[in-house]
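Heads up: the structure comes next, in structure tokens.
The values are calculated or read from the model by the stated rules, or taken from the named source; none is laboratory data. Nothing here was measured: the structure is a model prediction, and the numbers come from that model. Neighbour counts are summed over all protein chains in view; Cβ atoms, including those assigned to glycine, are modelled from backbone coordinates with ideal geometry. For the accessible areas, the whole protein counts, side chains as well, though only heavy atoms, and no ligand, DNA or RNA atoms are used. Shrake-Rupley method; radii C 1.70, N 1.55, O 1.52, S 1.80 Å.
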Amino acid sequence: MNNKKLWRSVPLALAVAFSNSAMAGISLYDQDGTTFSVDGYFNAFYTYQDSEDKVADTNTKTSRVRMGFLPNYIGFNVGKKVGDLTVGGRSSFWVSINDSNQDGDGTKTDSMIDVRQFYATVDGDFGQVLFGKDFGLYGRSNIFGDELLMGVGFAPATTSNTTFGNITTGYPYANPTAQITYRSPVASGFQIAVGVLDPNTTGSTAKGDSNSARFETEATYTADYDGVAVKAWVGGAMGDSVTSGVDAKGISYGAKVSAAGFALTASGFDQEGISSVFASNTLTDSAESDGYLVQGSYAFSANRLVLSHGQTKNTAAGSSVTTKDSLTGAALFHNINDNLTLVAEYTVHKSNNGSIDTSATDTVALGAVLSW
């Protein structure tokens, strides 16, 4: 994995349980079947890290003020009733609060306004058609269901933008991609989404490749059994690189059960020829990866306590060596009100080269999240 490229290119466009539907947010206009609303998210964390390089036998301590897993953003939603159809759209703009970081020559780095969602929707009795740029379907519920979504998670000390949650330690990132996607109506708790996505290829030798379209799907089931809420999902992806001959395929899955304030979530994935970082990217070889994430939470009063453990394993094409990264952590989320949340989190990230642990990083994070 190219760490420098990863650190700079993951200004995550994740939203709190964002789907294709418009955010609640603040209604600015609602008349004659036309609506317009705005939503936003702001966060900052103080992080203290103790990192040990077990190979070089060195230790580094780092303190920072930074964004968490979700970036700061503002989003706009529009909808209009036209006959039997409802047409709408969403655009969201994501920014870094750490863009004042400077290189040695004094120049700013990583300044950005990152447009991660810009799509239109058409809804009717048939379901919904979405066209534009949105998060991918494959692995979507794995990442949106992460109980640490509003926290920090895996936090590389040098990244200038967001932290990584459980990307590379439990799931790949369902990165936003140009797509045309159909979602069925919900029937007895079941819904299916099928999309054709613009192909992305990871690897400098493949920039000129002619790739086939990427196909992704996700089926979900939600139900409530006498106060026990259940959600389950399974997703898939397939595509290929014509010139490199790589057949990309993967499956993602998971389930969440909630009752009386308790919740248990388990998810996983297994894939070949797909990046373990960016789920919508096809590799230039048939490398394999798989992972899982198990989390438990308990909500009481204005608090939510989370315990989490996730792991991702990678095996390079033609290799018998399997490397792995894991993240184990605990977090407490305290709601001051419906819009303001305080967060305290502790995680341990470990990397293993197939024989021994090569590094370990303990992270303490304290922060605040404001959203509407």
> Can you give the relative contact order of the chain as a percent, counting alpha carbon pairs under 8 Å and 6+ residues apart?
Replying inline: 15
> Over 26 Å between Cα atoms, which of Lys80/Lys133; Lys81/Lys256; Lys81/Lys231; Lys231/Lys324 qualify?
Replying inline: Lys81/Lys256; Lys81/Lys231; Lys231/Lys324
>> Spelling out what I want: for every residue of the range 30-36, take phi, set θ = phi - 60°, compute 6.51 cos²θ - 1.76 cosθ + 1.60 (Karplus), and round to whole Hz; glycine and proline get x.
In response: 7, 8, 6, x, 10, 10, 8
> What does the highest-first list of 168-180, 290-302 look like by mean Cβ count within 10 Å?
Replying inline: 168-180, 290-302
> Under a point-charge model restricted to the Cβ atoms of Lys and Arg (+1) and Asp and Glu (-1), what is the dipole moment magnitude of the chain relative to its Cα centre, in debye to the nearest 20?
Replying inline: 300
>> Please give the Cα centre distance for the range 279-305 versus the range 35-72, rounded to the nearest Å.
In response: 18
> In square angstrom, rounded to the nearest 10, how much accessible surface does Val65 have for a 1.4 Å probe?
Replying inline: 100
> What would the Debye formula give as log10 I(q)/I(0) at q = 0.14 Å⁻¹ for the alpha-carbon point model of the chain, no solvent?
Replying inline: -1.33
> Name the trypsin sites (Lys or Arg not before Pro) in the range 26-71 that are in a loop by DSSP and that have at most 16 other C-beta atoms within 10 Å, would you?
Replying inline: Lys54
> Highest mean first, what order results for 132-141, 333-342 on Cβ atoms within 10 Å?
Replying inline: 132-141, 333-342
> When the Karplus curve 6.51 cos²θ - 1.76 cosθ + 1.60 is applied with θ = phi - 60°, which whole-Hz ³J(HN,Hα) does each residue of the range 168-182 get, with x for Gly and Pro?
Replying inline: 6, 9, x, 7, x, 7, 7, 5, x, 8, 4, 7, 10, 10, 10
> If you count the DSSP beta bridges with both ends in the chain, what percent of them are antiparallel, to the nearest 5?
Replying inline: 95
> Of Gly367, Phe126, Phe69, which is farthest on the positive side of the dipole of the chain, counting Cα position, with +1 on Lys and Arg Cβ, -1 on Asp and Glu Cβ, and the Cα centre as origin?
Replying inline: Gly367
>> Through the Karplus equation 6.51 cos²θ - 1.76 cosθ + 1.60, θ set to phi - 60°, convert the phi angles of the range 257-271 into ³J(HN,Hα) values in whole Hz; use x for Gly and Pro.
In response: 10, 10, 6, 6, x, 8, 8, 10, 10, 9, 9, x, 7, 8, 8
